[in-house]
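Participant: Once you've had a glance at the structure underneath, I'll fire off some questions.
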Amino acid sequence: PPCLTWKNTQLYFDLGYGYWWVPDATIYSSIHIYTFAPILRTYFHVGPMFSPFFEVSVGLTYLTKTNLVTQKLGMHFCFQDQVGLGVAFGKEQRLAVSLSGLHYSNASLAAHNSGITVPVILNINYRF
């Protein structure tokens, strides 16, 4: 909506689901992740067919388990932090491709806070 757009910056929301598993692990080998995250995207340049951007997000996450193999995540609720660079394509900029880094952590709200970090993620988005 226009109320969430300012000059070269947009705010949008992401509902996410992830399933992670570790092959050959005997205990705590998988986890389901549910996330709600606001994402702030700033365009470096808005072109007619090509617009590079930077985006940052801090969202709320629910983990179905508090352990993943040897990682002690501490609690079911945590935060998802994500930072990325990307490009939006097309006349209406509906298609976007980005690379980002992701981290889950409970911000030391629990005794254990190993967290999970994914250094590089390829995101392909289409806005309807």
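The values are calculated or read from the model by the stated rules, or taken from the named source; none is laboratory data. The model shown is predicted, which means the values in this text are computed figures rather than measured ones. Cβ placement follows ideal geometry from the backbone for every residue including glycine, while neighbour counts extend to all protein chains displayed. Surface accessibility is based on the protein's heavy atoms, side chains included, excluding ligands, DNA and RNA. Shrake-Rupley method; radii C 1.70, N 1.55, O 1.52, S 1.80 Å.
Participant: Kindly list, by first and then second residue, each pair from a residue in segment 1-30 that is more than 20 Å from residue 72 (Cβ to Cβ) to a residue that is open to solvent by 100 Å² or more (accessible area, probe 1.4 Å), limited to pairs with Cβ atoms under 6 Å and residues at least 6 apart or on different chains.
Facilitator: 17/34
Participant: Hey, another quick one. Conditions: (1) surrounded by 14 or more Cβ atoms within 10 Å (Cβ to Cβ); (2) touching a strand residue (DSSP E or B) at 6+ places or on another chain (Cβ under 6 Å); (3) under 23 Å from residue 23 (Cβ atoms). Residue 118 meets all but one. Number of the miss?
Facilitator: Only one criterion is unmet by residue 118, namely (1).
Participant: In segment 63-77, is there at least one residue being assigned to a loop (DSSP other than H, G, I, E, B), closer than 14 Å to residue 18 by Cα and touching a His at 6+ places or on another chain (Cβ under 7 Å)?
Facilitator: So far as segment 63-77 goes, yes, one or more of its residues are assigned to a loop (DSSP other than H, G, I, E, B), closer than 14 Å to residue 18 by Cα and touching a His at 6+ places or on another chain (Cβ under 7 Å).
Participant: Can you tell me which of 102, 60 is within 18 Å of the chain's Cα centre (by Cα), open to solvent by 20 Å² or more (accessible area, probe 1.4 Å) and among the aliphatic types (A, V, I, L, M)?
Facilitator: None of the other options fit; the residue is 60.
Participant: I'd like the full set of residues that are open to solvent by 60 Å² or more (accessible area, probe 1.4 Å), more than 13 Å from residue 80 (Cβ to Cβ) and among the aliphatic types (A, V, I, L, M), limited to segment 4-21.
Facilitator: The answer is none; no residue qualifies.
Participant: Is there a residue in segment 30-46 that is part of a strand (DSSP E or B), hydrophobic (A, V, I, L, M, F, W, C) and exposed (fewer than 13 other Cβ atoms within 10 Å of the Cβ)?
Facilitator: Looking through segment 30-46, none of the residues is part of a strand (DSSP E or B), hydrophobic (A, V, I, L, M, F, W, C) and exposed (fewer than 13 other Cβ atoms within 10 Å of the Cβ).
Participant: Residue 107: closer than 19 Å to residue 38 by Cβ, of a type outside the set (Phe, Trp, Tyr) and outside any strand (DSSP E or B), yes or no? So that I can check it myself, show each step before the final result.
Facilitator: Values: closer than 19 Å to residue 38 by Cβ: yes; of a type outside the set (Phe, Trp, Tyr): yes; outside any strand (DSSP E or B): yes.
Against the criterion (closer than 19 Å to residue 38 by Cβ, of a type outside the set (Phe, Trp, Tyr) and outside any strand (DSSP E or B)), residue 107 qualifies.
Participant: For segment 97-118, give me the residue count where each residue is modelled with pLDDT under 95 and within 27 Å of residue 45 (Cβ to Cβ).
Facilitator: 1
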